[in-house]
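The values are calculated or read from the model by the stated rules, or taken from the named source; none is laboratory data. A quick note: this is a predicted structure, and the numbers were derived from the prediction, not measured. Glycine gets a Cβ as well: all are built from the backbone with ideal geometry, and neighbour counts include every protein chain shown. The area values use the complete protein model at the heavy-atom level, side chains included, leaving out ligands, DNA and RNA. Shrake-Rupley method; radii C 1.70, N 1.55, O 1.52, S 1.80 Å.
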Amino acid sequence: MRGVAARIRCFVACAAVLAVPAWAAEIRSVRTTQSDGYLRISFDLSARPDYKLFEIANPDRLVIDVSDSALTGGFAPPSASGVLKGVRTGRHGKDGVRVVLDLASAVQPKSFVQARGRGGDYRLIVDLYTKNRVTPVKSMAALAAKPRDVVVAIDAGHGGVDPGATGNGGTHEKDITLAVARDLAKLVDKQPGMHAVLTRDRDTFIPLQERYQKAREAKADLFVSIHADAYASGDARGSSVWVLSPRGATGEAARWLADRENRADLVGGVKLEDKDNTLAAVLLDLSQGATAEASAAVARRVLQALAKIGPTHRGYVEKANFVVLRSPDVPSILVETAFITNPAEEKRLKSPLQRQKLADAILGGVRDYFEATPPPGTLFAANARRDKPRSVAQRAVDADSADLADDAIAARVPKS
């Protein structure tokens, strides 16, 4: 086996040396990650790949053809893992690479491409799901006894080479957002029936699109991006909460329908790749509409909670075309905790006690939303079923009244 692997590496190295021309995409490395229910295979490339993927039976194989590409000398096939028995590579046509995945059984593949940083690097990800996988059917009592957690994806804005805004005292936004995100994650994990996922837990740079993709991969029920505002005027102050603008949603829908990897699925399980353009557009519009309504609802509750601990910059939820808010199927909000360019608020953001208060307020708004709108199969839904019908109805009336009050405030307060 070692001899075969050595020969493959030698072949790859020689091929890379001979293929000196400037290929559009260099395939630099590959690695595997075994997850619950599927095997992930990740290829790192120097440019966005143009690829085709197809299956072959008897024996089971998955073939990936990458046009206008070459293997670098550092490429080494991974060891066998799970359903993957081995990886073979070779030239395909005059300017392409063929990668053959030898499989232990038939799989249901899903592939997509991720941008990595600002250097033009990309990652081709292929997830291998076992076909005809049978999940034991449990009784309703057993399902009710173990409700799933609500998943909250928390995104600490900026990071790494991107410090974000900087206060007069030298405080970097990336440090504040990470501290608040960590505090919020700890609070979420302490709540029964809730679980937090951080897009970053250290000082590292993550591309904007990859941030909300992490939330989608975690099948999050909510995405919360934490930031600290900046303004030329040093007296600007207050927290604010943002959701995606209609224009941003429209532009994202066009991109989503155009990209093959995006059409593969939505978090709700709806696949668009086998639908005609009209039906796919309708399904995506329905998903985006429901996501926008949920985003606005949770944003209002978070803004109300923040108003109880300090000033808000506006009296209403604001809208913008922020990249991190563009997920079509995960409700998403962006929280500007305060103005880091305001000396008084910079001091407030540097205080662990004040950051804890901010995290508490955000959690309060998020928890109120899930109590009013519990996702099916969660502890929130189970608790709602145990409540008296009248209590549930009264809570809904209270929530609607609060929303109407917010709308009235928004109508009265002009935006400067």
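Data table
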{"quantity": "Residue in the stretch 342-360 that is open to solvent by 40 Å² or more (accessible area, probe 1.4 Å) and free of Cβ contacts under 8 Å to residues at least 24 places away in the same chain present", "calculated": "yes"}
{"quantity": "Those residues of the stretch 24-61 which are within 21 Å of L103 (Cβ to Cβ), aliphatic (A, V, I, L, M) and either part of a loop (DSSP other than H, G, I, E, B) or more than 27 Å from the chain's Cα centre (by Cα) (or both), in sequence order", "calculated": "I56, A57"}
{"quantity": "Condition met for K110 (more than 30 Å from the chain's Cα centre (by Cα) and part of a strand (DSSP E or B))", "calculated": "no"}
{"quantity": "Residue identified as touching a Pro at 6+ places or on another chain (Cβ under 7 Å) and closer than 30 Å to G159 by Cβ among A47, A115", "calculated": "A115"}
{"quantity": "Matching residues, the stretch 313-334, being crowded, with 19+ Cβ neighbours inside 10 Å and not in a loop (DSSP other than H, G, I, E, B)", "calculated": "K319, V324, L325, S332, I333, L334"}
{"quantity": "H195 vs. criteria open to solvent by 30 Å² or more (accessible area, probe 1.4 Å), of a type outside the set (A, V, I, L, M, F, W, C) and on the phi > 0 side of the Ramachandran plot", "calculated": "no"}
{"quantity": "Top-ranked residue of the stretch 182-222 - restricted to ones that are of a type in the set (S, T, Y) and either at pLDDT 90 or above or out of contact with any Phe, Trp or Tyr (no Cβ under 9 Å at 6 or more places or on another chain) (or both), ranked as farthest from A290 (Cα to Cα)", "calculated": "T204"}
{"quantity": "Enumeration of residues in the stretch 218-238 that are of a type outside the set (V, I, T), within 30 Å of P375 (Cα to Cα) and not in a loop (DSSP other than H, G, I, E, B)", "calculated": "L222, F223, S225, H227, A228"}
{"quantity": "Filter result for the condition that a residue is under 16 Å from P331 (Cβ atoms) and buried (at least 19 other Cβ atoms within 10 Å of the Cβ), over A215, A165", "calculated": "A215"}
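This table checks each residue for (1) farther than 18 Å from Y129 by Cβ; (2) of a type in the set (A, V, I, L, M); (3) at pLDDT below 90.
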| residue | (1), (2), (3) |
| --- | --- |
| A47 | yes, yes, yes |
| D50 | yes, no, yes |
| F54 | no, no, yes |
| A57 | no, yes, yes |
| I64 | no, yes, no |
| F75 | yes, no, yes |
| S81 | no, no, yes |
| K94 | yes, no, yes |
| D102 | no, no, no |
